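Asks: Quick one: the structure is below, questions incoming.
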Amino acid sequence: MSQAEHDRRIDYVEFGATDIDATKRFYSAVFGWQFTDYGSDYTAFHDGRLSGGFAKVKSAPRKGGTLVVIYAVDLEAMQASIQSAGGRITKKTFAFPGGRRFQFKDPGGNELAVWSDQ
């Protein structure tokens, strides 16, 4: 993409992580994200489309911030994968106009959601 195509679009998402290694294991196992470490207190990720990072923090983030929503073709398989990798479901699957979704916390306490139109 050219600079004009990037203009006014979300370019990078950064999360806090109390344990960088556990965070990398979780997102790598569940979503297949790739990581590049920048010292022991920061790792960048790339999911194939969007880049972001995890910065070392002392305590888990508080509830009520921005909710990042990830798309999945197979919602049930994604939920099982999240739980298997140590994630915790915080809001069970529910329907909404256009699809279904659930919310989860990663091992560091970040809350995200997964949705599907299937």
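The values are calculated or read from the model by the stated rules, or taken from the named source; none is laboratory data. What you see is a predicted model; the values in this text were computed from it and never measured. Backbone-built Cβ (ideal geometry, glycine too); neighbour counts: all protein chains shown.
Asks: Collect the residues in the range 45-102 that are farther than 22 Å from Asp19 by Cα and among the basic types (Lys, Arg), keeping them in residue-number order.
Replies: Arg49, Lys91, Lys92, Arg100, Arg101, listed by residue number.
Asks: Further, regarding this structure: Among the numbered conditions (1) of a type in the set (A, V, I, L, M, F, W, C); (2) modelled with pLDDT of 95 or more; (3) more than 18 Å from Phe15 (Cβ to Cβ), tell me where Ala85 comes up short.
Replies: Evaluating Ala85 over (1) of a type in the set (A, V, I, L, M, F, W, C); (2) modelled with pLDDT of 95 or more; (3) more than 18 Å from Phe15 (Cβ to Cβ) leaves (3) as the failure.
Asks: Within the range 80-93, which residues are in contact with a strand residue (DSSP E or B) (Cβ under 6 Å, 6 or more places away or on another chain) and of a type in the set (S, T, N, Q)?
Replies: Within the range 80-93, Thr90, Thr93 meet the criteria.
Asks: Next up: Of all residues in the range 51-64, how many are more than 15 Å from Ile10 (Cα to Cα) and touching a residue at least 12 places away in the same chain (Cβ under 8 Å)?
Replies: The qualifying residues number 9.
This table checks each residue for (1) out of contact with any Asp or Glu (no Cβ under 7 Å at 6 or more places or on another chain); (2) among the hydrophobic types (A, V, I, L, M, F, W, C).
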| position | (1), (2) |
| --- | --- |
| Phe35 | yes, yes |
| Ser40 | yes, no |
| His46 | yes, no |
| Gly53 | no, no |
| Val57 | yes, yes |
| Thr66 | yes, no |
| Tyr71 | yes, no |
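Asks: If a residue has to be of a type in the set (Val, Ile, Thr), within 26 Å of Ala77 (Cβ to Cβ) and either in a helix (DSSP H, G or I) or without any contact (Cβ under 8 Å) to a residue 12 or more places away in the chain (or both) to count, how many in the range 12-50 make the cut?
Replies: 2
Asks: Among the residues of the range 78-116, how many are over 16 Å from the mean Cα position of the chain (by Cα) and surrounded by 11 or more Cβ atoms within 10 Å (Cβ to Cβ)?
Replies: Within the range 78-116, residues that are over 16 Å from the mean Cα position of the chain (by Cα) and surrounded by 11 or more Cβ atoms within 10 Å (Cβ to Cβ) number 3.
Asks: Out of everything in the range 41-62 that is modelled with pLDDT of 95 or more and among the hydroxyl-bearing types (Ser, Thr, Tyr), what residue ends up being surrounded by the most Cβ atoms within 10 Å (Cβ to Cβ)?
Replies: Thr43
Asks: Here's something else I'd like to know. Any residue at all in the range 17-35 that is within 11 Å of the chain's Cα centre (by Cα), buried (at least 16 other Cβ atoms within 10 Å of the Cβ) and among the small types (Gly, Ala, Ser)?
Replies: Within the range 17-35 (the criterion being within 11 Å of the chain's Cα centre (by Cα), buried (at least 16 other Cβ atoms within 10 Å of the Cβ) and among the small types (Gly, Ala, Ser)), the answer is no, since none of the residues qualifies.
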